[in-house]
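S.K.: What follows is a single structure, and I will ask about it in a moment.
The values are calculated or read from the model by the stated rules, or taken from the named source; none is laboratory data. Since we're looking at a predicted model, the values are computed, not measured. Counting neighbours? That spans all protein chains shown, and the Cβs are built from the backbone with ideal geometry, glycine included.
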Amino acid sequence: MEYKNIIVKREDKIAVITINREKALNALNDETVNELQSFFHHSWGDNSLGCVIITGAGKAFVAGADISELAQCDVQKAIATSMKGLYLTKTIENFPCPVIAAVNGFALGGGCELAMACDIRLASDKAKFGQPEVNLGLIPGYGGTQRLARLVGRGKAKQMIFTGEMIDAHEAHRIGLVDEVYPVEELMNKAMEMAKSITSKASLAIAVAKECINRGLDINLSAACDLEKINFGAIYGTSDAFEGMKAFLEKRKAEFKGK
């Protein structure tokens, strides 16, 4: 499928999505959100896909929503825009295989929200993060008030959102918003290394583990452990589990088939 605002490259089991609106600092206009949603929608049942990496062209990951479009909204259009962004971030969050954000530069507003929807966030030492919507008289609309607090805690989330100030990659790492920080020239290689490590494992087990983590965070610990128990039993009955244990005992590399 051809896209106007994103570039998709496939390397074996890994898809790399580059948001490519460099002159607009990769701002998320309506068309770009649609293209990202289209990719994940059409890739949902692709069992050959084991990991997705999202990054940005030039010096930005995503510098926010497209303000020229937002400025034209009325209340109903603004709600529809938020719903579309929330649908995209929820799609990424629930996508069956892991999604890595390789944050190369500015990740502001919708860009920070896009990164937070990913499973793992890797940042270059040039990256900047922030939720500056209050500077426009707005609030985050793609899940930022909710995911940020879950990642960094209520107090730090309030500080970032209330002040609208940017933080650098090292501060983002310190507070738990980012998982790793690398020199900018190493970022994509490190992201690919991680993606290759992930795709060498049992894809069904990863998909089930992701679902357990996501669902478990929204319920109490006892119910979450019951969820894990049920899914542990379900994954135990797969061919991949049999192959994994057999390969371990035979001291050889497992050959997972995704079933």
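S.K.: Exactly one condition in (1) basic (K, R); (2) crowded, with 16+ Cβ neighbours inside 10 Å; (3) not in a helix (DSSP H, G or I) is false for K257; which is it?
M.R.: Checking K257 against (1) basic (K, R); (2) crowded, with 16+ Cβ neighbours inside 10 Å; (3) not in a helix (DSSP H, G or I), the one that fails is (2).
S.K.: Does F129 satisfy being in contact (Cβ under 8 Å) with a residue 24 or more places away in the chain, more than 22 Å from T18 (Cβ to Cβ) and among the aromatic types (F, W, Y)? Break it down into steps so the answer makes sense when it comes.
M.R.: Numbers: in contact (Cβ under 8 Å) with a residue 24 or more places away in the chain: yes; more than 22 Å from T18 (Cβ to Cβ): no; among the aromatic types (F, W, Y): yes.
No: the conditions fail for F129.
S.K.: Shifting gears a bit: What helices (runs of 4 or more DSSP H) lie completely within region 124-239 and have 3 or more residues being basic (K, R) and surrounded by 19 or more Cβ atoms within 10 Å (Cβ to Cβ)?
M.R.: Values: elements: 144-152, 154-163, 169-175, 187-199, 203-216, 221-236.
Correct list: empty, since no element meets the threshold.
S.K.: Can you name the condition, by its number, that G237 falls short on among (1) closer than 30 Å to Q159 by Cα; (2) outside the structural domain of G144 (by TED's automatic domain parsing)?
M.R.: G237 satisfies every listed condition except (1).
S.K.: If we keep just the residues of region 168-214 that are in contact with a strand residue (DSSP E or B) (Cβ under 8 Å, 6 or more places away or on another chain) and of a type in the set (G, A, S), which is farthest from F129 (Cα to Cα)?
M.R.: A195
S.K.: Inspect region 27-39 for any residue being farther than 19 Å from C112 by Cα and either over 16 Å from the mean Cα position of the chain (by Cα) or of a type in the set (S, T, N, Q) (or both) and give the result as yes or no.
M.R.: Taking region 27-39 first, the residues farther than 19 Å from C112 by Cα are 38-39.
From what is left, the residues that are either over 16 Å from the mean Cα position of the chain (by Cα) or of a type in the set (S, T, N, Q) (or both) are 38.
Scanning region 27-39, I find at least one residue that is farther than 19 Å from C112 by Cα and either over 16 Å from the mean Cα position of the chain (by Cα) or of a type in the set (S, T, N, Q) (or both), so the answer is yes.
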